[in-house]
Amino acid sequence: MTQIFGEDGKVTPVTVLTVSTATVSQIKTKEKDGYTAVQIGTGVRREKNLSKAQKGHLKDLENLAVLKEFRVDDSALNRGDKIEMDTFAVGDNITVSAISKGKGFQGVVKRHGFHGGPRSHGQKHSEREPGSIGGGGRDGGRVAKGMRMAGRMGSDRITVKNLKVVGIDKETNQMLVSGAVPGRRGTLVEIRG
């Protein structure tokens, strides 16, 4: 992330995304596949890392590293078409999806925002504990489903809607998007218009 200054002098926090060219690798139709979709691939893989099935599927296309499918109602695209960054323009509202940063096993204070126990009056080792989880009563002496507890946090697919394209640099294939985008540096991000 970084920040840019607008013409009015206001600062805008932005995320810099490197946009790679995507290639249409397959068109799925209602008649043949039961639904309509477009499969898009990006990145390059070495041929020795592809299976025979992948080589056959990507015949007369480059060795695409990542394939992703998008449901569409009707598509004007054909197999082998390139989707460039000029699909987007400054001022467009976009939706961004990615896998968020993994944070490992976290306690309830970080994971769910619990306040923990009191810090005084004889409390010992209970500063960040969850407290009671409601053992008896209506749940019958068991842990109720959905009980907020410590556990693994992050590495979830997160979608952020209504982000604005603030700038586009065609020479470096970079797009400036207002606000934060899920994931760490190097995460594969899905941008939808």
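The values are calculated or read from the model by the stated rules, or taken from the named source; none is laboratory data. The structure displayed is predicted, hence computed values, not measured ones. Cβ placement follows ideal geometry from the backbone for every residue including glycine, while neighbour counts extend to all protein chains displayed.
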Identify all residues within the range 136-193 that are acidic (D, E) and within 23 Å of T23 (Cα to Cα); write none if there are none.
-> D169, E171, E190
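Here's the yes/no breakdown for (1) within 22 Å of G193 (Cα to Cα); (2) part of a strand (DSSP E or B); (3) within 27 Å of the chain's Cα centre (by Cα):
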| site | (1), (2), (3) |
| --- | --- |
| Q3 | no, yes, yes |
| P13 | yes, yes, yes |
| V24 | yes, yes, yes |
| E31 | no, no, no |
| Y35 | yes, no, yes |
For residues that are charged (D, E, K, R) and closer than 25 Å to V19 by Cβ, scanning just the range 48-64, find the one that is farthest from the chain's Cα centre (by Cα).
-> D60
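Can you tell me which residues in the range 62-81 are among the aliphatic types (A, V, I, L, M) and surrounded by 10 or more Cβ atoms within 10 Å (Cβ to Cβ)?
Start the filter on the range 62-81 by keeping residues that are among the aliphatic types (A, V, I, L, M), which leaves 64-67, 72, 76-77.
Across the range 62-81, the qualifying residues are L64, A65, V66, L67, V72, L77.
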Given (1) at pLDDT 95 or above; (2) of a type outside the set (D, E, K, R); (3) under 26 Å from G6 (Cα atoms), number of the condition G167 does not satisfy = (1)
Hey, could you check the range 93-115 for residues that are of a type in the set (G, A, S) and surrounded by 15 or more Cβ atoms within 10 Å (Cβ to Cβ) and say which is farthest from F70 (Cα to Cα)?
-> G107
More than 30 Å from A22 (Cβ to Cβ), within 31 Å of the chain's Cα centre (by Cα), touching a residue at least 12 places away in the same chain (Cβ under 8 Å) and in a loop (DSSP other than H, G, I, E, B) - does that describe any residue in the range 74-82?
-> no
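Table: residues versus (1) surrounded by 16 or more Cβ atoms within 10 Å (Cβ to Cβ); (2) in contact with a strand residue (DSSP E or B) (Cβ under 8 Å, 6 or more places away or on another chain); (3) in the same structural domain as S75 (by TED's automatic domain parsing).
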| position | (1), (2), (3) |
| --- | --- |
| T12 | no, yes, yes |
| V19 | yes, yes, yes |
| G34 | no, no, yes |
| V38 | yes, yes, yes |
Residue tally, condition surrounded by 15 or more Cβ atoms within 10 Å (Cβ to Cβ) and not in a strand (DSSP E or B), over the range 179-193 | 5
A53 passes all but one of the listed conditions (1) exposed (fewer than 11 other Cβ atoms within 10 Å of the Cβ); (2) in a loop (DSSP other than H, G, I, E, B); the exception is number (2)
Would you please list the contacts, defined by Cβ atoms under 9 Å and residues six or more apart or on different chains, that run from a residue in the range 11-36 that is in contact (Cβ under 8 Å) with a residue 60 or more places away in the chain to a residue that is aromatic (F, W, Y) and surrounded by 15 or more Cβ atoms within 10 Å (Cβ to Cβ)?
-> V19/F88
